[in-house]
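Some notes on the structure that comes next.
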Amino acid sequence: DAGVTQSPTHLIKTRGQHVTLRCSPISGHKSVSWYQQVLGQGPQFIFQYYEKEERGRGNFPDRFSARQFPNYSSELNVNALLLGDSALYLCASSTRTSGTVNEQFFGPGTRLTVL
Amino acid sequence: GNSVTQMEGPVTLSEEAFLTINCTYTATGYPSLFWYVQYPGEGLQLLLKATKADDKGSNKGFEATYRKETTSFHLEKGSVQVSDSAVYFCARSGGSNYKLTFGKGTLLTVNP
């Protein structure tokens with residue numbers, strides 16, 4: 001079975017631009033989470049979506065937004081890019097949001113560079 | 001808020017040496033605890049997990065025990081291999097299990 005897929009793999013943008021990152025979860029997974037991993041740091045939680053609804057949001061500005069589609073794929077949008085937005089953006093999918101421990105499966109990430 | 005503190009590296013070992021990477025977590029709620037591994041240029045892979053106090057997670061020779069009294073989840077392996085070279089992240093779940101809080105990561109390099 002295919003794992004979590006993300007596109008694009010790499011992206012270069014300039015300050016002030018907008019970017020859209022895409023994620024396809026593992027088949028049967030209804031929950032998608034987004035994380036930002038700055039070089040040399042651990043991933044930071046941005047959003048979680050479950051059944052197309054936002055179920056959690058991390059401490060990120062309103063320039064960051066996301067959505068989940070009926071097929072459970074997801075997009076992360078970042079407006080007015082800043083140099084500090086340069087990072088690896090990870091998508092993770094899981095089967096549930098709460099209750100029993102739900103393992104999160106991570107994709108390979110999208111490397112965003114803002115110049 | 002929730003946080004995870006792990007031993008900062010880098011850690012450099014010779015093949016077959018014993019490995020310990022320390023991890024402590026804030027004791028808020030009843031978290032599940034995880035170790036993830038990240039190989040160069042790749043995403044995160046779950047290495048092992050523990051869901052309650054005194055549970056021991058294990059996988060590929062790695063082990064970690066959920067210690068509530070010391071709020072710790074130290075990663076150990078008796079004999080490391082060159083192929084274990086990677087960045088290791090300790091993480092805890094949030095109160096509703098939907099969010100993972102990660103430590104800063106520990107770079108492990110194993111030399112032949």
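Overview of results
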item	result
Qualifying positions in the range B:57-112 - of a type in the set (S, T, N, Q) and out of contact with any strand residue (DSSP E or B) (no Cβ under 7 Å at 6 or more places or on another chain)	B:Thr70, B:Ser79, B:Ser83, B:Ser96, B:Asn97
Among (1) within 12 Å of another protein chain (Cβ to nearest Cβ); (2) β-branched (Val, Ile, Thr); (3) surrounded by fewer than 21 Cβ atoms within 10 Å (Cβ to Cβ), the one test that A:Thr20 misses	(1)
Residue selected from the range A:50-67 under the condition in contact (Cβ under 8 Å) with a residue 24 or more places away in the chain and more than 10 Å from chain B (Cβ to nearest Cβ), by the criterion nearest to B:Thr106 (Cα to Cα)	A:Phe60
Meets criteria (modelled with pLDDT under 95 and more than 24 Å from B:Arg92 (Cα to Cα)) for A:Asp1	yes
Which numbered condition A:Leu39 misses (of (1) assigned to a loop (DSSP other than H, G, I, E, B); (2) more than 12 Å from chain B (Cβ to nearest Cβ); (3) of a type in the set (A, V, I, L, M))	(2)
Residue ID - farthest from A:Tyr89 (Cα to Cα), chosen from residues in the range B:1-43 that are surrounded by 14 or more Cβ atoms within 10 Å (Cβ to Cβ) and aromatic (Phe, Trp, Tyr)	B:Tyr25
Any hit, the range B:57-70, residues being surrounded by 14 or more Cβ atoms within 10 Å (Cβ to Cβ), under 25 Å from A:Gln6 (Cα atoms) and within 14 Å of chain A (Cβ to nearest Cβ)	no
Hey, A:Leu76 at the interface with chain B (Cβ under 10 Å from one of its Cβ atoms), within 24 Å of B:Glu42 (Cα to Cα), crowded, with 22+ Cβ neighbours inside 10 Å and of a type in the set (A, V, I, L, M) or not	no
Cβ-Cβ under 9 Å pairs, at least 6 apart or on other chains, the range A:22-36 side more than 9 Å from A:Ser93 (Cα to Cα) and free of Cβ contacts under 8 Å to residues at least 12 places away in the same chain, far side among the hydrophobic types (A, V, I, L, M, F, W, C) and surrounded by 19 or more Cβ atoms within 10 Å (Cβ to Cβ)	none
Failed item, numbered, when A:Ile26 is tested on (1) buried (at least 22 other Cβ atoms within 10 Å of the Cβ); (2) of a type in the set (Val, Ile, Thr); (3) in a loop (DSSP other than H, G, I, E, B)	(1)
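The values are calculated or read from the model by the stated rules, or taken from the named source; none is laboratory data. Computed from a predicted structure; not experimentally measured. Backbone-built Cβ (ideal geometry, glycine too); neighbour counts: all protein chains shown.
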